[in-house]
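Below is one structure, written out as structure tokens; comments come after it.
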Amino acid sequence: MNPAPVLGLILLLAGWASAPHAMAAGPAAKPLADVVAAVDVGHSHKRSGATSARGVPEYRFNLELARLVVAELHKAGLPRAFLIDEAGTDIPPAGRAALANRKKADILISIHHDSVQPHYLSVWPFEGRQRKYCDRFVGYSLFVSAKNPAYAASRSLGQDIGDSLRQAGFA
């Protein structure tokens, strides 16, 4: 995977995580080295998510990108960044959030490579099998939980990430 498109996002997270507004507990900025960033792989071996047009399960894409994000966060000065469920043991979403909370994560990012609604899928032959694909749409989605006690800060981070992605040329 080419890390270039992700690096701006990593630097945004690194800078945002250490800013005073990122810490819901108080106004003081947290030293970057103390920021805990949890990166959720999204899905598991058993529940692998969407399947690409070439038959690759979403979990594999998620794992590759999540590993890259954690490595880049470490390089950017966040040594406490960690991966949730790297082994793909099928922790449910609430369990992933609980794990991030137990490790006192300041930021929780969940990586997903979603598909389109089934009625938009077409079929093509690939390596002797019929595979589903859609090349009519491009884009990304950012979701922020309204149940988060630090919703305003999370929403602000989501907006900053969206702005960064648009500035990097993503649709």
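Excluding ligands, DNA and RNA, the accessible surface per residue across the stretch 74-152 is 74 Å² with a 1.4 Å probe. Where the centre of each part is set by its Cα atoms, how far does the stretch 109-124 sit from the stretch 43-92, in angstrom? Cα centroid of the stretch 109-124 versus Cα centroid of the stretch 43-92: 17 Å apart. The spread of Cα positions in the stretch 45-171, taken along each principal axis and listed from longest to shortest, comes to 47, 34, 31 Å. Shown here for the stretch 73-171: chymotrypsin sites (Phe, Trp or Tyr not before Pro) in loop regions (DSSP other than H, G, I, E, B) with at most 15 other Cβ atoms within 10 Å, namely PHE137, TYR140, PHE143, PHE170. All other residues whose Cβ lies under 15 angstrom from that of ALA150 are scored, Lys and Arg at +1 and Asp and Glu at -1, for a net of +2.
The values are calculated or read from the model by the stated rules, or taken from the named source; none is laboratory data. None of these values were measured; they are calculated from a predicted model. Note: ideal-geometry Cβ built from the backbone for every residue, glycine included; neighbour counts use all protein chains shown. Each accessible area value is taken on the protein alone, full model and side chains, heavy atoms only, with ligands, DNA and RNA left out. Shrake-Rupley method; radii C 1.70, N 1.55, O 1.52, S 1.80 Å.
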